[in-house]
């Protein structure tokens, strides 16, 4: 069974409290030896996630951005932008 716990200062040591529901489910008794796997939870960083979606997005970014803009722009704004793009080419 895996669970998340928050460490707490206990004298000069650090303690972990096992929630009552886990104690009941696992039938843990006082002074009983249990095995604990310690794994520090790391915050999710951008550099860890960078590239995870690579290959999963089939459309070019520009196309996606156009779709987003279309939802925000009025019809006259879209016409002006289309004209501007024609002049730009």
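Key figures for this structure:
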item: 0 to 90° range, to nearest 10: angle between helix 75-88 axis and the chain longest Cα axis; result: 70
item: Fluctuation leader among 59, 40, 78 - the chain, Gaussian network, Cα springs under 10 angstrom; result: 78
item: The chain: angle of helix 61-72 to the longest principal axis, Cα-based, in degrees nearest 10; result: 80
item: Mean projected area (nm²) of the alpha-carbon convex hull when the chain is viewed from all directions; result: 12.9
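Read the figures in this text as sums done on the coordinates, not as results from a lab. These figures come from a predicted structure and were not determined experimentally.
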